[in-house]
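The structure appears right after this line, and notes come after that.
The values are calculated or read from the model by the stated rules, or taken from the named source; none is laboratory data. Since the model is a prediction, treat every value here as computed from it, not as a measurement. Please note: Cβ atoms are built from the backbone with ideal geometry, for glycine as well, and neighbour counts cover all protein chains shown. What goes into the accessible areas is simple: the full protein's heavy atoms, side chains included, and nothing from ligands, DNA or RNA. Shrake-Rupley method; radii C 1.70, N 1.55, O 1.52, S 1.80 Å.
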Amino acid sequence: MSAIKALLLENIHPVAQSYLENQGIHVERLDKSLEEEALLERLQGFHLLGIRSKTYLSETFFEKAKGLLAVGAFCIGTNQVALEAASRCGIAVFNAPFSNTRSVAEMVMAEIVMLARRLGERVIQMNKGQWRKISTGAHEVRGKTIALIGYGHIGSQVGVLAEAFGMRVVFYDIATKLPMGNNQAKPSLLDALSEAHYVSLHVPETPLTKGMIGQAQLKAMRQGSYLINASRGSVVDIEALTQALQGGHLAGAAVDVFPEEPAANASDGFVSPLQNLPNVILTPHIGGSTDEAQVNIGTEVAVALSKYLKFGSTATSVNFPQVDLAPTPEAYRVLNIHKNVPGVLRDVNRIVSEQHANILAQVLATNADMGYLLMDLDKAVNGNVCDAMKGLPDTLVARALY
Ligand code: NAI
């Protein structure tokens, strides 16, 4: 892959560069993002682009980015990328949505203990010179029940850690989930809320989860229980939570995410009704922000890009159908990305048979915009097959891989 070149923007973790270089890819790095025109200019001759959250890739960008094969979004979300346009242009996009799972889970566990021992208040008091050696309102977490609302990557990881702390774990998820350890599924949200000393939210932002924890749900929680939200700000009605805390129904809360969050770091200006309440821990959306998560993101996306280039694997792509064909021994591999219209496979198979090659393996997957085909052939005619496929009217990209 010596001819392949990657441009990494926005100070992507160096682990990504090392990995790609070890795969024989030439890498150039910039520590900043570029505006569209400047990026298109700089990108000439590059096949891979790595970005983080500050580089916007529009529909026109993809239409003009000739020669670009794939984009690695070295971050969690891909709102900054025009994904449908990328698909239409045959450009695969990869991200790393679950690289910071452990980081969030560890912070949630830390907050549970902090709330139980009212550590936030003690720290503030000590900094003011106030010595308060108090046991009232301080608890162990062992033997207490935690309810996890949303039992996906993060929720289930918190379940494992909480059980190691000696907690009883129940969870509620709209999907049927295999419980980890002795974690126990509950049939409804209210069932889970009503028996927990701690409730921790781990659902995505969807129409169903918007305002999912409001006045009624807070009321259903036990007197003196605690709420932790490190999911999305829209999930909790902040006014209702403020009232539940002020009225003493909840004994504390830890909130990492807010309905409106500042776009950049600032030394002042953040306002929330939850500020300055007793035993409330507020953090600036840092649940997933660790060095380890950055390393994981760098590695995961670099591996996905390299597997796509080498083997045509689209596993974890956010805009391509997922295809991951195990290599067939002694085969020659070719890929074809095409518009999702009838008859493409027939034309491709005709080309293969005209080359007197045999198909050893073939996988086709489609989504609304495109079809993705991987084929292993028994003869080194993949270059000829590829050239002929490029001539088909609906082909977006055809590539001989090896
Ligand atoms: P995931 O997709 O692995 O799990 C989400 C789970 O929620 C799934 O099991 C899903 O079935 C369930 N779910 C969806 N709608 C539901 C509903 N209405 N009721 C009950 N369960 C429902 O996601 P993951 O990685 O565990 O992330 C969870 C949340 O954490 C997301 O909102 C994500 O944005 C947030 N997050 C926050 C970070 C931070 O820095 N604070 C960092 C990373 C993620």
- Message: Between V271 and K66, what is the label-point separation in nm under the 7 Å Cα-to-beta-carbon projection?
- Response: 5.3
- The longest stretch of the chain containing none of the GluC sites (Glu not before Pro) that sit in a DSSP loop with at most 12 other Cβ atoms within 10 Å is 141-259
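Jot down the per residue volume, in cubic angstrom and as a whole number, of the convex hull over the alpha-carbon atoms of the range 235-352.
Details: hull volume 25.2 nm³, N = 118.
Here the figure is 213 Å³ per residue.
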- In degrees between 0 and 90, to the nearest 10, how far off the longest principal axis of the chain does helix 344-354 point, with axes built from Cα atoms? 40
- Name the residues whose placed amide hydrogens come within less than 5 Å of the amide hydrogen of L30, ignoring near sequence neighbours (fewer than 5 apart) on the same chain. L8, L9, E10, N11
- Let a ≥ b ≥ c be the square roots of the eigenvalues of the Cα gyration tensor of the range 282-347; is it rounded (a/c under 1.5), or, if not, prolate (a/b larger than b/c) or oblate? oblate
- Message: If I model a spin label at Q322 and T206 as a point 7 Å from the Cα along the Cα→Cβ vector, what separation in nanometres do I get?
- Response: 1.6
- Message: Once each part is reduced to its C-alpha centroid, what is the distance from the range 289-325 to the range 246-267 in angstrom?
- Response: 33
- Read phi for every residue in the range 161-168 and hand back ³J(HN,Hα) as whole Hz from Karplus 6.51 cos²θ - 1.76 cosθ + 1.60, θ = phi - 60°, with x for Gly and Pro. 5, 5, 5, 5, 7, x, 8, 8
- Using a/c under 1.5 as the rounded threshold, could you call the range 93-174 rounded, prolate or oblate? The axes a ≥ b ≥ c are square roots of the C-alpha gyration tensor eigenvalues, and prolate needs a/b larger than b/c, oblate otherwise. oblate
- What residues of the range 269-283 lie in the reach of a label at R132, counting those whose backbone N is under 11 Å from a point 7 Å from the Cα along Cα→Cβ? 278-280
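Can you give the Rg to Rh ratio for the range 341-398, taking only C-alpha atoms and Rh from Kirkwood?
On the way: Rg = 11.0 Å, Rh = 11.7 Å.
Ratio of gyration radius to Kirkwood radius: 0.94.
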- Name the residue, out of L377, L227, L193, whose mean-square fluctuation peaks in a Gaussian network model built on the chain with Cα pairs under 10 Å. L377
- Provide, for q = 0.16, 0.17, 0.18 Å⁻¹, the log10 of I(q)/I(0) from a solvent-free Debye sum over equal Cα point scatterers in the range 238-286. -0.46, -0.51, -0.57
- Task: Can you send over the carbon and sulfur percentage of the accessible area for the chain, probe radius 1.4 Å, protein chains only?
- Result: 52
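Pairs of Cα atoms under 8 Å, at least six residues apart: use those to get the relative contact order of the range 107-225, whole percent.
Values: 167 pairs, mean separation 29.2, N = 119.
Computed value for the range 107-225: 25 percent relative contact order.
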- Task: Determine ³J(HN,Hα), in whole Hz, for all residues of the range 384-392 in sequence, where each value follows from phi through the Karplus function 6.51 cos²θ - 1.76 cosθ + 1.60 and θ = phi - 60°; x replaces Gly and Pro.
- Result: 5, 4, 4, 4, 5, 5, 4, x, 6
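So what is the relative contact order of the range 53-102, in percent, for Cα pairs below 8 Å that sit 6 or more residues apart? Please report the intermediate quantities before stating the final value.
Details: 60 pairs, mean separation 22.0, N = 50.
Answer for the range 53-102 is 44 percent.
Just to verify a number: FRET efficiency for A380 and E84, C-beta to C-beta distance, R0 = 30 Å, to 0.05? Present the calculation step by step, with values, prior to reporting the outcome.
On the way: r = 36 Å, r/R0 = 1.20.
It comes out at approximately 0.25.
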- Nonlocal amide H pairs with V93, under 5 Å, H built at 1.01 Å: V71, V318, N319, F320
- Query: Rolling a 1.4 angstrom probe over the protein heavy atoms, how many square angstrom per residue are accessible across the chain?
  - Reply: 48
- Query: Which whole-number percentage describes the relative contact order of the range 1-104, with Cα contacts under 8 Å and a sequence gap of 6 or more?
  - Reply: 24
- Given H placed on each backbone N at 1.01 Å, which residues far from M370 in sequence or on other chains put an amide H within less than 5 Å of it? N340
- Query: If we restrict to alpha carbons, what Rg and Dmax does the chain come to, in Å?
  - Reply: 25.6, 86
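Would you kindly state how much longer the chain becomes between I174 and Y402 on full extension, computed as 0.36 nm times their sequence separation minus their alpha carbon distance, in nm to one decimal?
Working: separation 228, 0.36 × 228 = 82.08 nm, distance 4.37 nm.
Using 0.36 nm per residue and subtracting the Cα-Cα distance, I get 77.7 nm.
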